[in-house]
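Here is the structure we will look at, set down as structure tokens.
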Amino acid sequence: MELGDALSLSTSNFVSVLEHVSARDLALATPCEEWSVAQLVWHVARASDMSVLLVEGGSRDDAIQVMRTPAGPEVIAECRRALAAQMVSLAGADLEQIAHHPIGDVTVRQLYDFRIMDLTVHAWDLARAIGADEHLPPDLVDHVYGFLTPLEPFIGEIGIFGAGPSGSLAQGASAQSKMLDLSGRRP
């Protein structure tokens, strides 16, 4: 799947779940430790804004500051705005450009994959939290699983994927279950 297509699909999939979030859902717990629905949505908004900043040449310190921006009262509207801005910004970016991400320098190509993974996994987190359909598009699952698989030996040590794979998936588990388990989720 082309990166632009994967980003578009991951964005539209996340937004399709976001459409089901009501004001009363914002305080619900999510599978992300210590994050409510509002905090998860805010994280997605800030990470999208951070990506725009990085594509525009922002520094690592600027990116960290964006991620630390406190949540405002309109998290859903802010998330929609940030996702739209990210789509425009990444669509026009040079894939080999270096972005000064908080984890270290990465190419915009890698930044695309970070965002696709983040949106895909957090769409599932959000759906689980609000009781919506948790099914993820198979092409997107395959793309994210392919991105995460090389990290399997040490993914649990990175600190952003929970404990990493459980090691207890049933033989014949679905691709979505494998991808979620690898990302520290226990579907």
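The values are calculated or read from the model by the stated rules, or taken from the named source; none is laboratory data. None of these values were measured; they are calculated from a predicted model. Cβ placement follows ideal geometry from the backbone for every residue including glycine, while neighbour counts extend to all protein chains displayed.
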Check your understanding: So, in the range 145-165, of the ones that are under 24 Å from MET1 (Cα atoms) and β-branched (Val, Ile, Thr), which residue ends up surrounded by the most Cβ atoms within 10 Å (Cβ to Cβ)?
Key -> ILE155
Point to revise | So SER10, is it of a type outside the set (Lys, Arg), within 23 Å of ASP133 (Cβ to Cβ) and at pLDDT 95 or above | key: yes
Practice item. Scan the range 21-50 residue by residue and report those that are touching an Asp or Glu at 6+ places or on another chain (Cβ under 9 Å) and part of a loop (DSSP other than H, G, I, E, B). Key: THR30, PRO31, CYS32, TRP35
Exercise for review: For the range 149-180, name all the residues that are closer than 15 Å to HIS122 by Cβ and either β-branched (Val, Ile, Thr) or modelled with pLDDT of 90 or more (or both).
Suggested key: ILE160, GLN176, MET179, LEU180
Study note, to complete from the structure: Within the range 104-144, the count of residues that are crowded, with 18+ Cβ neighbours inside 10 Å and of a type in the set (Lys, Arg) comes to 2
Practice item. Within the range 105-151, track down each residue that is part of a helix (DSSP H, G or I), touching a strand residue (DSSP E or B) at 6+ places or on another chain (Cβ under 9 Å) and either β-branched (Val, Ile, Thr) or under 19 Å from TRP42 (Cα atoms) (or both). Key: VAL108, LEU111, PHE114, ALA129
